[in-house]
Amino acid sequence: MVITISGTPGAGKTTVAKMLANKLQYEYYGVGQKLRERQGTPHVKKGDDNAIDNYSVINETVVDGRLAYHFFPDSFKVYLFCSDSIAAQRIMQDNRKTEQVSDKELAIKKMKERKEYDKKRYMEEYGLDYTNTTQYDLVINTTKKSVDEIVTLIHKTFNKMLV
């Protein structure tokens, strides 16, 4: 089965997805990472989403991406979110070339702008609101949780769903 990890910027999608894939001995596929490699930005451009559509996912894959739940509709869908302050802190510590800032207030401002831009763009281009948590199997506030706690919670919930 495919597990998709979606959520807001800085919520821990990539970190959690990689650790979960390792724990489950699943393949990891990072949509944002692949798009950064391919086009220099993690943003899906309308028409370029076929690179995601055409990715042949075997069972036992963890897919990390804001719209991953849409591209893999039969997946176990997880949504991660956290406070703006924690998200900004995580983004600043991540050292991504496309999102480098050194001031926390500026990081919060840019992250909020990105969330709103992505939300509007995905609605206009796909008719999707990735922040609508009713479309996920599991929703986790990662603000006060460690990566280990989050991965354990996903793993336990996923295993219960398989029974």
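Any read-out appearing in this document is the output of simple, stated calculations on the displayed coordinates, not a laboratory observation. These numbers were taken from a predicted model, which means no experiment stands behind them. Here the Cβ positions follow ideal geometry from the backbone for every residue, glycine too, while neighbour counts run over all protein chains shown.
Would you please give the FRET efficiency between residue 83 and residue 121, computed as 1/(1 + (r/R0)^6) with r the Cβ-Cβ distance and R0 = 22 Å, to the nearest 0.05? Working from the Cβ atoms, E equals 0.40. The length gained by stretching the chain between residue 144 and residue 156 to full extension, at 0.36 nm per residue less their Cα-Cα distance, is 2.4 nm.
Charge tally for residue 2 (other residues, Cβ to Cβ under 13 Å; Lys, Arg +1; Asp, Glu -1): -4.
Excluding residue 104 itself, what net charge comes from residues whose Cβ is under 13 Å from its Cβ, given Lys and Arg +1 and Asp and Glu -1? Every neighbour counted, the sum reads +1. For the range 68-163, the equivalent ellipsoid derived from the alpha-carbon gyration tensor has semi-axes of 26, 20, 10 Å in decreasing order.
In this structure, the pairs whose alpha-carbon distance is over 30 Å, taken from 110/144; 104/160; 18/104; 23/120, are 104/160; 23/120.
Compared with the alpha-carbon gap, the fully stretched path from residue 109 to residue 60 is longer by 14.0 nm at 0.36 nm per residue. Remark: 136, 79 ranked as 136, 79, counting other beta-carbon atoms within 10 Å and listing the fewest first. Each other residue within a Cβ distance under 15 Å of residue 133 adds +1 if Lys or Arg and -1 if Asp or Glu, for a net charge of +3. Multiplying the residue separation of residue 93 and residue 129 by 0.36 nm and subtracting their alpha-carbon distance yields 10.2 nm.
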